[in-house]
Amino acid sequence: MSVVLPSFISILLLAMPMIWWGCSGEDYFTDVYELNTPSDSSYFSVSGIMKLNNKPYDNSQQGMAVWDSLAFVFNEGGYCRIIDLHNKRHVASTRLASFDGSNHANTVSFGNFLVPDEGVPLFYVSRWEPPVTCYVEQYNMQTNRFELMQTINTVHTKYQGWYSNFVIDQDRKRLYTVMMEHVADSILNIRSYNIPDLGENMVTLGKEDVLSEVELNLGVAHIWQGAFIYGRQLLILYGGWNDGERGMLVVDLDEYKTKNHDFSWFPYEPEAVAFYNHSLIMNTNGYGVYYLWHFEWHPGQDHKNQSLLQ
C-alpha cells in the first residue's frame, strides 16, 4: 500500500511522547544485524532492520501489523511498541485495552477505519489461547491509548483448541479464521465470514455465518504462528524457538493451492509477517532477543500481482 504520509502520522513520528515508561527510543535497539542467506535459498534475500532489547518486557514478541511506515509490534499479554520503519526508531509504547496475561496477541491485522481515512484502521487481535476470541480495538494517536470496540467469538465443534487466528481480508472485506485442534497439528481449518458490524459489543459467529470452509491436511504437524493475507494469498508462519522446522505456508484463497517456503536455515522463531515497501517484514523471537527482519523475495516487485505460490 502506497499512500501519502498523513499529518497525524507525521505528528506522531515527530512528537509522540514516551508516556508509558518514559524511555527514549534508543534504549530499545542496538546495531542492525545482518543475516547471510544460504546460497541454496535464492527465493529470498534477508537482512536485519533492527534488534529490539527485551526490556521492559518479560513476555515474548508475538503479533505485528504495519500501516504505512508504522509497525505495531505486540508482546504476549498485549504490550505494544510502535516503530517508525522508515527512520528505524521507536516512537511510542502502550498496551491493548484487552491487555491480559492470557491474551497471546498471536495475530494482529487491520480492518476498516472507524472514521473514514482518520487515524489508523481498527485492529483485530487474536487471543490464540482458548476460548476462540478476537478483540477489535481502536488506537487513538493523540492519547496513545487503545479502546476495545468489540469482542468476537466463534462456535466450533472441535476447533476450540490453542491455535485460533483471526485475519482480515481487506480487499474482499472478509474475516478469516485459521484453526487447528492441537498446538502442533497437520490439519488446518480455514473459514471465512462477513466482518461483523460494530453495532454490537459482543458477537458470536455460528455455523450459519460461515461463507466458506476448507480443511487442509498438510501431512506434517507444525507449531503454527502468525497469519497475514496478502492479495488472495494467506501467509502462515510456523516453527518454534527450538524447532529446526521453520517456514511459511502460503495458501491460495481462491483455489486453496499451497506452497511451503522452508526457513529451516533461519536461526530464530518466526512470529508474524506483514508487508512494507513491497517486501516481507517479519518479527522473531530468539533466546530473549527480538528482531525485525526484511525479507525481499524474488522475482518481481509488483505489489499484489506477484505470487508467493510460484
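When only the Cβ of Lys, Arg, Asp and Glu is charged (+1, +1, -1, -1), the dipole of region 215-295 relative to its Cα centre reaches about 160 debye. Here the convex hull built on the C-alpha positions of region 184-272 has a volume of 129 cubic angstrom per residue. Figure legend: label point modelled 7 angstrom from the Cα of residue 186 along Cα→Cβ; residues of region 218-249 with amide N under 11 Å from it are 218-222.
Using 1/(1 + (r/R0)^6) with R0 = 25 angstrom and r between the beta carbons of residue 102 and residue 218, what's the FRET efficiency to the nearest 0.05?
Calculated value: 0.35.
Contour minus end-to-end for residue 86 and residue 278, with contour as 0.36 nm per residue of separation and end-to-end as the Cα-Cα distance? Display every interim value, and only then the final one.
Values: separation 192, 0.36 × 192 = 69.12 nm, distance 1.35 nm.
Full-extension gain reported as 67.8 nm.
For the set 155, 210, the ranking by accessible area, highest first and with no ligand, DNA or RNA atoms included, is 155, 210 under a 1.4 Å probe. Restriction of the trypsin sites (Lys or Arg not before Pro) in region 63-140 to DSSP coil positions whose beta-carbon has at most 13 other beta-carbons within 10 angstrom yields 88. Relative to the current alpha-carbon distance between residue 296 and residue 194, full extension at 0.36 nm per residue lengthens the span by 33.5 nm. For 261, 278, the ranking by accessible surface with the largest value first comes to 278, 261, using a 1.4 Å probe.
Any chance you could check the Cα centroid distance between region 62-86 and region 190-257 for me, in angstrom? Between the Cα centre of region 62-86 and that of region 190-257, the gap is 20 Å. Note down the relative contact order for region 227-274 as a percent, whole number, built from C-alpha pairs under 8 angstrom at least six residues apart. Averaging sequence separation for qualifying contacts and normalising by length gives 37 percent for region 227-274. Principal axis extents of the Cα atoms in region 102-225, from largest to smallest and rounded to whole angstrom, are 47, 28, 24.
The values are calculated or read from the model by the stated rules, or taken from the named source; none is laboratory data. Please read these numbers as outputs of a predicted model, since none were measured by experiment. As a convention, Cβ positions derive from the backbone with ideal geometry for all residues, glycine included, and neighbour counts pool all protein chains shown. Quick note on the areas: whole protein, heavy atoms, side chains included, nothing else; ligands and nucleic acids left out. Shrake-Rupley method; radii C 1.70, N 1.55, O 1.52, S 1.80 Å.
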